[in-house]
1. Name the single residue that is farthest from Leu169 (Cα to Cα) among those in segment 83-95 being assigned to a loop (DSSP other than H, G, I, E, B) and free of Cβ contacts under 8 Å to residues at least 12 places away in the same chain.
2. Here's a check for you: in segment 7-57, which residue that is β-branched (Val, Ile, Thr) and under 18 Å from Leu94 (Cβ atoms) is modelled with the highest pLDDT?
3. Please indicate, with yes or no, whether at least one residue in segment 171-194 is in a strand (DSSP E or B), within 24 Å of the chain's Cα centre (by Cα) and outside the structural domain of Asp89 (by TED's automatic domain parsing).
4. Looking at this structure, is Phe80 under 16 Å from Val161 (Cβ atoms) and either at pLDDT 95 or above or assigned to a loop (DSSP other than H, G, I, E, B) (or both)?
5. Is one or more of the residues making up segment 104-113 in contact (Cβ under 8 Å) with a residue 40 or more places away in the chain and in contact with a Cys (Cβ under 9 Å, 6 or more places away or on another chain)?
6. Kindly indicate the residue of segment 167-210 that is touching a Ser or Thr at 6+ places or on another chain (Cβ under 7 Å) and among the small types (Gly, Ala, Ser) and also nearest to Ala114 (Cα to Cα) among those meeting that condition.
7. Sort out which residues of segment 96-121 are among the acidic types (Asp, Glu), in a strand (DSSP E or B) and buried (at least 19 other Cβ atoms within 10 Å of the Cβ), and write them in order of number.
8. Can you pull out every residue in segment 143-155 that is closer than 22 Å to Ala199 by Cβ and either more than 16 Å from the chain's Cα centre (by Cα) or surrounded by fewer than 18 Cβ atoms within 10 Å (Cβ to Cβ) (or both)?
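The values are calculated or read from the model by the stated rules, or taken from the named source; none is laboratory data. Fair warning: this is a prediction, and the values are worked out from it, not measured in the lab. Glycine also receives a Cβ, built like all others from the backbone with ideal geometry; neighbour counts cover every protein chain displayed.
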Amino acid sequence: MAERSQDQGGGGMTSADRTDKDGADLAGRLGLGNSAPGARPAEQRRGPFFCGDIDMRIARDGTWFYQGTPIGRMPLVKLFSTVLHRDQDGDYWLETPVEKCRIQVEDAAYIVTAMRIEGEGDDARIIFGTNVDTEVPLDADHPLVLRPRPESGDPAPYLAVGRGLEALLSRSVYYELVNIADLAISPETGEELLAVKSAGLTHYLGSPDIELAEQPRRAGGRA
């Protein structure tokens, strides 16, 4: 976590405190809180008001920033994550019936930080946990793909999580998958690949000798 520097002229409020306050104000404006001062009820509007680009970004390690400072309140991050979408042009939006604001995402919207197996045999499912405390099953609607990371071009595993969004698997979670994987022949290429079964389907993890892209570490955290 970034050092909580003193905000001059803020009555003793730190820059991190001010970021959290401004973030909470933004959530209210989007209609995410109990009230949205100055906003008309959603049913009285034909669609969300486009408020333009806002100074919010999700860093490669999954940290949310607002006005250049990390958002320290996890409940606020979770709240914003529930209305995040990616459109067909690859732009990211916080969208509610009240307002629609564009934000920046450096890589994936979320990070997969944990996994567990639910059920047995053909009914077994792999369930992934994200850094915003959501769970996503590995299934037909949420496939796993390997594609190049934006900054390096090296392969990395991404999970589709809905609303056009993806979650990047942490290295530790990916290697947990590798540990339970078997070798299988890809019907598309005929290659022998690592694969796991989940929700009755075979999901391919890539070549047995794949080397993943290096992932950034959060302060005090693990990749």
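1. Taking segment 83-95 first, the residues assigned to a loop (DSSP other than H, G, I, E, B) are 83, 87-91.
Then drop every residue that is not free of Cβ contacts under 8 Å to residues at least 12 places away in the same chain, which leaves 89-91.
Values: Asp89: 23, Gly90: 20, Asp91: 21 Å.
Here the answer is Asp89.
2. Ile54
3. Taking every residue of segment 171-194 in turn, none turns out to be in a strand (DSSP E or B), within 24 Å of the chain's Cα centre (by Cα) and outside the structural domain of Asp89 (by TED's automatic domain parsing).
4. Yes; evaluated as a whole, the condition is true for this residue.
5. no
6. The extreme case among them is Ser170.
7. Within segment 96-121, just Glu99 meets the criteria.
8. Pro143, Val145, Leu146, Arg147
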